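The values are calculated or read from the model by the stated rules, or taken from the named source; none is laboratory data. Quick caveat, the model's predicted, so the values are computed rather than measured. Cβ: placed from backbone, ideal geometry, glycine included. Neighbour counts: every protein chain shown.
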Amino acid sequence: VQFQFPDPFFIGPTGVVVIAAAPAELQPRHGISDVLGPWSGQLSASNPKLRLVKKSGGIVLTLSLNANGSGLGVPLGMDLSWTLTRPSYGEDDPRAWSRSATSGGTPGFLEIFPGIPHDSLLLNEALFRPRLGGRRFVELLNIGASTVSLDGCTLRLGSTTGVVHLVTQTLQPGSRLALDVSEAMLPVDIRGDALFLMAPGGTRIVDSFQFSASESGVSIGRSPDGSGEPRALRASSPGTPNGPARVSSVVINEILYNPPRGLSDIEFVELHNWRTSTADLSGWRLGGGIEFIFPTNTLIPPRGFLVVAKSPSTLSSHHGSFDQGSLLGPYRGNLSGNGERITLEAPITVLREAATELAWAVMDEVTYKTGGAWPRWPDGGGSSLERVAPWNDPSLGASWASSDESGKSAWTLVEQEGFLNMAHPSTSTADQLQIMLLGAGEVLVDDVEVLLNGQNRIRNPAFETNAINWGFQGTHRGSRWETNAGFSSGRSLRISASDRGDQVANRVRGSLLSSIPLNNFVTLRARVKWLRGNRDFLMRLRSGAHEAAVTLAIPSNLGSPGRVNSQYRTNTPPSISEVQHFPLLPPTNAPVRVTARVTDREGVAQVTLRYRIDPTNTLFSVPMRDDGQEGDLVE
C-alpha cells in the first residue's frame with residue numbers, strides 16, 4: 001500500500017493514528033473519528049514489507065508481512081488484526097505481535113482488556129481427520145485455579161460460518177473436556193484452517209490456533225498440556241493429558257543460510273532420516289522461504305542424509321563428491337540472513353466437496369532466528385546451523401548449535417615490517433602490543449613477535465605455561481589461555497571478541513620488555529588461526545606507529561552437508577525457554593514469581609531455581625512447581 005501523511009502532521013504523546021482503506025466505513029463501525037485514508041494498493045500477505053518512511057526518505061519502521069517466510073502473514077478468519085503486545089522485541093519481529101482478541105480489531109485504542117473468567121480456557125487438542133471409526137473432537141483445558149462456566153461460549157472456524165454452541169456446564173481447574181464435533185458442525189477446510197474459542201457474546205476471542213493440513217488420524221495439540229503452539233501429536237488423547245509432539249522420521253537437520261562474503265552460493269538445507277528404515281520423499285517439497293519439489297524415487301537410506309543446495313555444483317566443488325542421489329537442487333528463492341521459516345511437507349489427498357484435492361501436511365519445520373537463544377555464528381560467521389539431535393524441538397534455539405569449523409582452518413602467518421615515524425603525540429614510544437578482531441569472532445594466536453634488531457621484545461610470546469603479561473579488555477574480555485591447540489605445541493592464546501575492537505578499551509594487550517622509540521625498523525609477526533566469526537585481524541603498537549592487518553583465510557567447505565553434524569549429541573540437556581518473572585520491578589521484600597518452560601525428551605523430574613538478591617552474591621535455591629498451584633501457570 002501507499003499513503004502520504006498530510007504536511008504538517010503530528011501525533012501527540014501516547015497518541016494513536018489510524019489509516020484505513022475506507023475511512024468512511026471504518027469510523028462508524030468502531031465509533032472513532034479522524035481516520036486517515038484511503039490508501040492506494042492492497043494490504044495482503046503477498047506484500048513483503050510495510051514501511052514507515054520519513055519525508056527525507058529515511059526508513060523509520062519496517063514490518064514483514066510475508067507469511068511464507070518468517071513474517072506475520074495474515075490472520076485467518078474472524079476479521080482479525082495484529083496488535084503490538086511485546087514491543088521490546090522490535091516491530092519487525094513476529095514475536096512482538098499477537099492476534100487481536102476482538103473480531104474486527106480495536107483501531108484507535110490500545111488492546112487492553114480486563115480479565116474475564118474464560119481467559120483460563122485453552123484449545124488443547126483437536127482431531128478433524130480421524131481414521132475409520134475414530135473420534136472427531138475438540139478438547140478444552142482449564143489451566144486456571146477457578147471453575148469456569150462454558151455457558152454462551154462457542155467454537156468457530158476461520159474458513160466458514162460454522163458455529164458450535166457449547167453446552168451449559170462447568171470446567172473444573174486443571175480439567176479437560178473433549179467435545180465430539182461432526183463434519184456438519186465444524187466443516188473444517190482440511191487444507192488449512194483456524195479454530196476459535198469465543199467468549200459469550202461472540203466478539204471476544206478466548207483462544208485460537210491456526211493449522212495446516214494433517215495426515216489421517218493425526219491430532220493437533222499443545223504439548224505438554226496447555227503449553228506452546230499447537231503441533232502434530234504422536235497420538236491423540238481426548239480427555240486425557242497430551243503426549244509428546246510427533247517427530248517425523250525425516251527432519252530438517254542442518255541449514256547454511258548466511259555464508260561469509262564471497263561464498264553465497266554454498267547455501268544448503270540438509271535432511272536426515274534418523275530412523276532404521278528407508279524414507280521415500282517422492283513428491284514431497286520444501287516450503288516457506290524457499291521452494292523445492294522432490295523428484296520421483298527420492299530415497300533416504302536409514303540414518304542417511306539428503307542435501308538440497310542453492311547451487312549443487314558449487315557445493316560439491318567445495319565439499320567433494322556426495323553419495324549417489326544425496327545432493328539435489330537448486331531450490332527457488334534464497335535463505336534469509338534475518339530469519340526464515342522452512343517447512344518439509346508431504347502431499348496428502350483429501351476429500352473436499354465430493355472431490356479429491358491435493359493438500360500439504362507439514363512434517364517438520366523450523367523458523368530460525370539470528371538472536372536471543374539462537375546460535376550466533378551461522379549468521380555470517382562461517383558456521384552452519386546444526387540440529388543437535390533430530391528428536392529435539394526445532395522451534396527452540398537450544399535445539400541448534402553452530403557447526404564447529406575449527407578443525408578445517410589453517411594457520412596464517414601475519415607479518416609486517418615498518419619504520420616507526422608516525423606515532424600519536426600522546427604515546428610517542430611503543431610500550432605495548434595491541435591485538436584485536438574488527439568484529440565478533442574467535443581466533444587462536446601463537447608465536448607472537450615484536451622484533452627490533454632481531455630481538456623479540458614481547459613478553460610470553462608462545463603461551464607455553466600461562467597467559468601472564470597479557471590483558472583482555474572490553475569486547476575482548478572473554479579471551480583466555482588455550483591449552484588444547486597451538487601452532488608449535490598445544491598452547492596458544494584464544495581471542496574471543498563479542499564485537500569489534502579498538503585501541504582504547506576493547507582489545508588484547510601484551511607487555512613489551514622495554515619501550516621502542518621512534519625511528520626504528522620493527523617487524524610484527526604472529527601465527528593466527530581463524531575459528532569462527534569475523535576474520536579481520538589487527539596487530540598494532542600502542543603508539544600507532546606500526547601495525548599489521550590481514551583478512552584471515554577461512555575454509556570453503558563449511559558445515560557438514562551429507563554427514564553427521566559436528567554438534568550431534570545422543571543425549572542433550574533439558575531446554576529452558578520463556579523465562580519470566582513478575583512483577584518486573586518488584587518492591588523491596590515483595591514476593592516474585594518466576595516461570596519457565598523446561599522440556600526434555602526423557603521428561604523433567606525436578607527444576608531448581610537459583611537466585612541472588614542484589615547487591616549480595618549469596619545464592620539461594622528453591623524447587624519450582626509443576627502442579628498448577630502457587631503460581632505455576634499450567635498443571
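Summary of values
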| quantity | calculated |
| --- | --- |
| Residue in segment 449-476 that is surrounded by the fewest Cβ atoms within 10 Å (Cβ to Cβ), counting only those that are touching a residue at least 40 places away in the same chain (Cβ under 8 Å) and aliphatic (A, V, I, L, M) | Leu451 |
| Pick from segment 604-633, criterion exposed (fewer than 10 other Cβ atoms within 10 Å of the Cβ) and modelled with pLDDT under 85, ranking: nearest to Pro241 (Cα to Cα) | Asp627 |
| Only one of Ser479, Ser511, Ser489, Ser498 that is out of contact with any Pro (no Cβ under 8 Å at 6 or more places or on another chain) and crowded, with 19+ Cβ neighbours inside 10 Å | Ser479 |
| Some residue of segment 307-330 being β-branched (Val, Ile, Thr) and touching a strand residue (DSSP E or B) at 6+ places or on another chain (Cβ under 7 Å) | yes |
| Strands (runs of 3 or more DSSP E) wholly inside segment 204-321 that include at least 1 residues being modelled with pLDDT under 95 and within 30 Å of Leu351 (Cα to Cα) | 205-212, 285-288 |
| Residue satisfying all of: in segment 427-448; buried (at least 18 other Cβ atoms within 10 Å of the Cβ) and of a type in the set (D, E, K, R); nearest to Gly407 (Cα to Cα) among these | Glu442 |
| Of all residues in segment 231-258 being of a type in the set (Lys, Arg) and farther than 20 Å from Glu340 by Cα, the one that is surrounded by the most Cβ atoms within 10 Å (Cβ to Cβ) | Arg246 |
| One residue from Ala410, Ala354 being more than 30 Å from Asn273 (Cα to Cα), of a type outside the set (Phe, Trp, Tyr), without any contact (Cβ under 8 Å) to a residue 60 or more places away in the chain and exposed (fewer than 15 other Cβ atoms within 10 Å of the Cβ) | Ala354 |
| Yes/no for Arg332 being of a type in the set (Lys, Arg), closer than 27 Å to Leu558 by Cα and buried (at least 17 other Cβ atoms within 10 Å of the Cβ) | no |
| Restricting segment 279-293 to residues that are among the aliphatic types (A, V, I, L, M) and closer than 13 Å to Lys310 by Cα, the residue that is nearest to the chain's Cα centre (by Cα) | Ile290 |
| Residue match in segment 483-493 (condition: outside the structural domain of Leu306 (by TED's automatic domain parsing), in contact with a helix residue (DSSP H, G or I) (Cβ under 8 Å, 6 or more places away or on another chain), in a strand (DSSP E or B) and modelled with pLDDT of 95 or more) | no |
| Close pairs (9 angstrom Cβ cut-off, 6 or more residues apart or separate chains): at negative phi in segment 94-113, among the basic types (Lys, Arg) and surrounded by 18 or more Cβ atoms within 10 Å (Cβ to Cβ) anywhere | Arg95/Lys369 |
| Conditions (1) of a type outside the set (Ser, Thr, Tyr); (2) surrounded by fewer than 19 Cβ atoms within 10 Å (Cβ to Cβ); (3) part of a loop (DSSP other than H, G, I, E, B): number failed by Ala545 | (2) |
| Meets criteria (under 21 Å from Thr412 (Cβ atoms), polar (S, T, N, Q) and at pLDDT below 95) for Ser479 | no |
| Residues being exposed (fewer than 14 other Cβ atoms within 10 Å of the Cβ) and either on the phi > 0 side of the Ramachandran plot or part of a strand (DSSP E or B) (or both) - total across segment 166-191 | 2 |
| Elements of type strands (runs of 3 or more DSSP E) in segment 48-147, at least 1 residues being of a type in the set (Lys, Arg) and either farther than 30 Å from Leu179 by Cα or at pLDDT 90 or above (or both) | 49-53 |
| Within segment 556-620, strands (runs of 3 or more DSSP E) holding 1 or more residues that are free of Cβ contacts under 8 Å to residues at least 40 places away in the same chain, farther than 30 Å from Arg535 by Cα and of a type in the set (Gly, Ala, Ser) | 593-599 |
| Some residue of segment 413-426 being crowded, with 19+ Cβ neighbours inside 10 Å and modelled with pLDDT of 95 or more | yes |
| Any chance Ser489 is farther than 30 Å from Phe419 by Cβ and touching a His at 6+ places or on another chain (Cβ under 8 Å) | no |
